[in-house]
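A.B. asks: Sharing a structure, written as structure tokens. Questions coming.
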Amino acid sequence: MPTATLTPALDIHWVRSQFPALAQAINGYPAAFLDGPGGTQVPQRVIDAISDYLRRDNANTGGAYQTGRNTDIMIAGARAAMADFLNCAAEEVVFGPNMTTLTYAISRSIGRELKPGDEIVLTRLDHDANVSPWTALEERGVIIRWVNFRHEDCTLDMADLAAKINSKTKLVAVGYASNAVGTINPVKEIVRLARQAGALSYIDAVHYGPHGLIDVADLDCDFLVCSTYKFFGPHMGVLFGKREHLDRLRPYKVRPLTDASPNRWEWGTLNHECIAGITACVDYIASVGYHVQPEAKSRRAAIVAAHAAIHEHERAITRRMLSGLQEIPGLKIYGITDPARLDERCATLAVRIDGHTPLQLATKLGDRGIFTWDGNYYAINVSEALGVEKSGGFLRIGFVHYNTMDEADRTLTALREITAESSTD
Ligand SMILES: Cc1ncc(COP(=O)(O)O)c(C=O)c1O
């Protein structure tokens, strides 16, 4: 019988020691950062890389002097780091201020080539940043085909998706994971369906980035976007585009900017200090991998090892949260709750409790040092479809690898107390 290979456990004490922000206390409670889906904390090495760059190398690109050259080298290093993170070539990595801005850049450029009657497939499970840049093309006569999701478990209706793709489809835009309800979509299959119809695929991996390994070569997607501030880095966006598309599509750009990829997609002066932080962020994730697997032979291999350990850690927390939440009277979880289906969701939990608005819950948790989020978090089609948009959306409790089982237990206790307090009011 083959022996099961065990993933080495995440060294949570070491992980937490890397993040200075995690040591804070609020109202006498240790701060529990369960707001990762809105943006994660950063390890010390990211803070150091940003300030070192500003202290030593702060310059524009292309300067014929030392700090200018250092800046060019630093940006090339960050591109190589992101190429390891995504498993692509460095020339396929484009930096931008955030995912939304990069997506508008690509949608405008693709839109230049579309004709009235061409179709784009979007899903109602997506964040609006992977919706509005594409619906903007309706002005040009492009037709949007919508894919629904199953309300009972918040998974995409794949039969509906397959039915919406046809010979007129030019692009399929889909999220890798939902920032609202945590569903992980079968992206590889969706890319395959798009390709079969001759359509491009555009994957929003912003929410998936901190939770799972991204491999654009394996997915074979045409574009994939993510934001480093969601996976322990600075506030920046990163786009992967297949070289053939980055070279062929026409960007809206100023004349003096080079026409060579990937720089032709990077407009104006970028945030160089944050780009320096991106290398440090990828190196941090690799260091998590080297910590659990010291024999990892490359940065990419270490990133793969990191994600295996992160996955196990987050899964254990998700399992505990799902069973604990289901015991709270009047609480409803939106999304997958079956413990046998944890591979289809990440550790992002959307809930509502009878008699409380999500804002009231987030405020009461915040007073106890537990930081969560309330509202629609721009996944407005999800909150509308589930009928909660007008009543405050959801309470979102989001775990990443630096969160602990103890924080999960504290959150469950706090929610039990909050509901018990109100029933005695
Ligand atoms: C799933 C998802 N897509 C896109 C975005 C937008 O990312 P950015 O802030 O980098 O534009 C977010 C931000 O919350 C998100 O969660």
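A.B. asks: Out of the residues in the stretch 33-61 that are among the charged types (D, E, K, R) and more than 16 Å from the ligand (Cβ to nearest atom), which is most open to solvent (accessible area, probe 1.4 Å)? Write out each step before concluding.
C.D. replies: First, pick out the residues of the stretch 33-61 that are among the charged types (D, E, K, R): 35, 45, 48, 52, 55-57.
From what's left, more than 16 Å from the ligand (Cβ to nearest atom): 45, 48, 52, 55-57.
Numbers: Arg45: 97, Asp48: 64, Asp52: 56, Arg55: 176, Arg56: 156, Asp57: 16 Å².
Step by step, filter the stretch 33-61, then rank; the result is Arg55.
A.B. asks: Let me ask something else about it. If we keep just the residues of the stretch 167-178 that are open to solvent by 20 Å² or more (accessible area, probe 1.4 Å) and either hydroxyl-bearing (Ser, Thr, Tyr) or in contact with a helix residue (DSSP H, G or I) (Cβ under 8 Å, 6 or more places away or on another chain) (or both), which is nearest to Trp373 (Cα to Cα)? Give the derivation first.
C.D. replies: Going through the stretch 167-178, the residues open to solvent by 20 Å² or more (accessible area, probe 1.4 Å) turn out to be 167-168, 170, 176.
Those left that are additionally either hydroxyl-bearing (Ser, Thr, Tyr) or in contact with a helix residue (DSSP H, G or I) (Cβ under 8 Å, 6 or more places away or on another chain) (or both): 167, 170, 176.
Working: Ser167: 41, Lys170: 35, Tyr176: 21 Å.
Within the stretch 167-178, the match that is nearest to Trp373 (Cα to Cα) is Tyr176.
A.B. asks: Looking at the stretch 180-191, which of its residues are out of contact with any Cys (no Cβ under 8 Å at 6 or more places or on another chain) and either open to solvent by 20 Å² or more (accessible area, probe 1.4 Å) or over 27 Å from Val388 (Cα atoms) (or both)?
C.D. replies: Passing the criteria: Pro186, Lys188, Glu189, Ile190.
Yes/no matrix, rows are residues, columns are (1) more than 16 Å from the ligand (Cβ to nearest atom); (2) over 19 Å from the mean Cα position of the chain (by Cα):
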site: Gly324; (1), (2): yes, yes
site: Pro329; (1), (2): yes, yes
site: Thr337; (1), (2): yes, yes
site: Glu344; (1), (2): yes, no
site: Val351; (1), (2): yes, yes
site: Leu361; (1), (2): yes, yes
site: Thr372; (1), (2): no, no
site: Ala379; (1), (2): no, no
site: Lys390; (1), (2): yes, yes
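A.B. asks: Look through Arg45, Arg69 and report the one residue that is more than 10 Å from Ala276 (Cβ to Cβ) and free of Cβ contacts under 8 Å to residues at least 60 places away in the same chain.
C.D. replies: It is Arg69.
A.B. asks: Does Leu239 count as part of a strand (DSSP E or B) and at negative phi? Let's see the steps before the verdict.
C.D. replies: On the way: part of a strand (DSSP E or B): yes; at negative phi: yes.
Considered against the rule, which asks whether it is part of a strand (DSSP E or B) and at negative phi, Leu239 comes out as yes.
A.B. asks: Considering only residues that are outside any loop (DSSP other than H, G, I, E, B), open to solvent by 30 Å² or more (accessible area, probe 1.4 Å) and within 13 Å of the ligand (Cβ to nearest atom), which ones fall in the stretch 192-236? Break it down stepwise before answering.
C.D. replies: Step one: filter the stretch 192-236 for residues outside any loop (DSSP other than H, G, I, E, B), giving 192-196, 200-204, 216-219, 223-230.
Checking which are open to solvent by 30 Å² or more (accessible area, probe 1.4 Å) leaves us with 192, 195-196, 200, 217-218, 229.
The one that is outside any loop (DSSP other than H, G, I, E, B), open to solvent by 30 Å² or more (accessible area, probe 1.4 Å) and within 13 Å of the ligand (Cβ to nearest atom): Tyr229.
A.B. asks: Something else: Restricting the first residue to the stretch 372-395 and requiring it to be at positive phi and assigned to a loop (DSSP other than H, G, I, E, B), which pairs with a second residue that is open to solvent by 20 Å² or more (accessible area, probe 1.4 Å) and away from the ligand (no atom under 15 Å from the Cβ) meet a Cβ separation below 6 Å and a spacing of at least six or different chains?
C.D. replies: Pairs that qualify, where the first residue is at positive phi and assigned to a loop (DSSP other than H, G, I, E, B) and the partner is open to solvent by 20 Å² or more (accessible area, probe 1.4 Å) and away from the ligand (no atom under 15 Å from the Cβ), are Gly392/Thr357; Gly392/Leu359.
A.B. asks: Scanning for something aromatic (Phe, Trp, Tyr), within 22 Å of the chain's Cα centre (by Cα) and in a helix (DSSP H, G or I), does the stretch 53-61 turn up at least one residue? Write out each step before concluding.
C.D. replies: Here is the first cut: in the stretch 53-61, the residues aromatic (Phe, Trp, Tyr) are 53.
Cutting the leftovers down to within 22 Å of the chain's Cα centre (by Cα) gives us none.
Checking the stretch 53-61: not a single residue is aromatic (Phe, Trp, Tyr), within 22 Å of the chain's Cα centre (by Cα) and in a helix (DSSP H, G or I).
A.B. asks: Same structure again: Anything in the stretch 379-425 that is buried (at least 18 other Cβ atoms within 10 Å of the Cβ), hydroxyl-bearing (Ser, Thr, Tyr) and out of contact with any Gly (no Cβ under 7 Å at 6 or more places or on another chain)? List them, or say none.
C.D. replies: Listed by number, the residues that qualify are Tyr402, Thr404, Thr411.
A.B. asks: So, one more: Restricting to the stretch 324-367, count the residues that are polar (S, T, N, Q), out of contact with any Pro (no Cβ under 9 Å at 6 or more places or on another chain) and open to solvent by less than 10 Å² (accessible area, probe 1.4 Å). Break it down into steps so the answer makes sense when it comes.
C.D. replies: Within the stretch 324-367, the subset polar (S, T, N, Q) is 326, 337, 348, 357, 360, 363.
When the remaining residues are screened for being out of contact with any Pro (no Cβ under 9 Å at 6 or more places or on another chain), the result is 326, 337, 357, 360, 363.
Narrowing further to those that are open to solvent by less than 10 Å² (accessible area, probe 1.4 Å): none.
Here the count works out to 0.
A.B. asks: Right, next: Residues to consider are Leu249, Leu239; find the one that is among the aliphatic types (A, V, I, L, M) and within 16 Å of the ligand (Cβ to nearest atom).
C.D. replies: Leu239
A.B. asks: Among Ala90, Ala64, Ala129, which is more than 16 Å from the ligand (Cβ to nearest atom), closer than 28 Å to Asp283 by Cα and at pLDDT 95 or above? Talk me through it step by step, then tell me what you get.
C.D. replies: On the way: Ala64 fails: closer than 28 Å to Asp283 by Cα; Ala129 fails: more than 16 Å from the ligand (Cβ to nearest atom).
Sole residue among the options that is more than 16 Å from the ligand (Cβ to nearest atom), closer than 28 Å to Asp283 by Cα and at pLDDT 95 or above: Ala90.
A.B. asks: Follow-up question, since we're still on this one. Can you tell me which residue in the stretch 14-32 is most open to solvent (accessible area, probe 1.4 Å), limited to those that are in a loop (DSSP other than H, G, I, E, B) and under 21 Å from Asp367 (Cβ atoms)?
C.D. replies: Taking the stretch 14-32 and keeping what is in a loop (DSSP other than H, G, I, E, B), we get 18-19, 24, 27-28, 31.
When the remaining residues are screened for being under 21 Å from Asp367 (Cβ atoms), the result is 24, 27-28, 31.
Working: Gln24: 87, Asn27: 113, Gly28: 76, Ala31: 2 Å².
Applying the filter and picking the extreme gives Asn27.
A.B. asks: Which is out of contact with any Phe, Trp or Tyr (no Cβ under 9 Å at 6 or more places or on another chain) and either among the hydroxyl-bearing types (Ser, Thr, Tyr) or within 16 Å of the ligand (Cβ to nearest atom) (or both), of Thr155, Thr103, Thr123, Thr135? Before you say what the answer is, go through the steps one by one.
C.D. replies: Details: Thr155 fails: out of contact with any Phe, Trp or Tyr (no Cβ under 9 Å at 6 or more places or on another chain); Thr103 fails: out of contact with any Phe, Trp or Tyr (no Cβ under 9 Å at 6 or more places or on another chain); Thr123 fails: out of contact with any Phe, Trp or Tyr (no Cβ under 9 Å at 6 or more places or on another chain).
Just one listed residue meets the conditions, Thr135.
The values are calculated or read from the model by the stated rules, or taken from the named source; none is laboratory data. Bear in mind the structure is a predicted one, so any value in this text is a computation, not a measurement. Quick reminder, even Gly has a Cβ in these numbers, built from the backbone with ideal geometry, and neighbours come from all protein chains shown. Accessible surface is based on the protein model in full, side chains and every heavy atom, while ligands, DNA and RNA are left aside. Shrake-Rupley method; radii C 1.70, N 1.55, O 1.52, S 1.80 Å.
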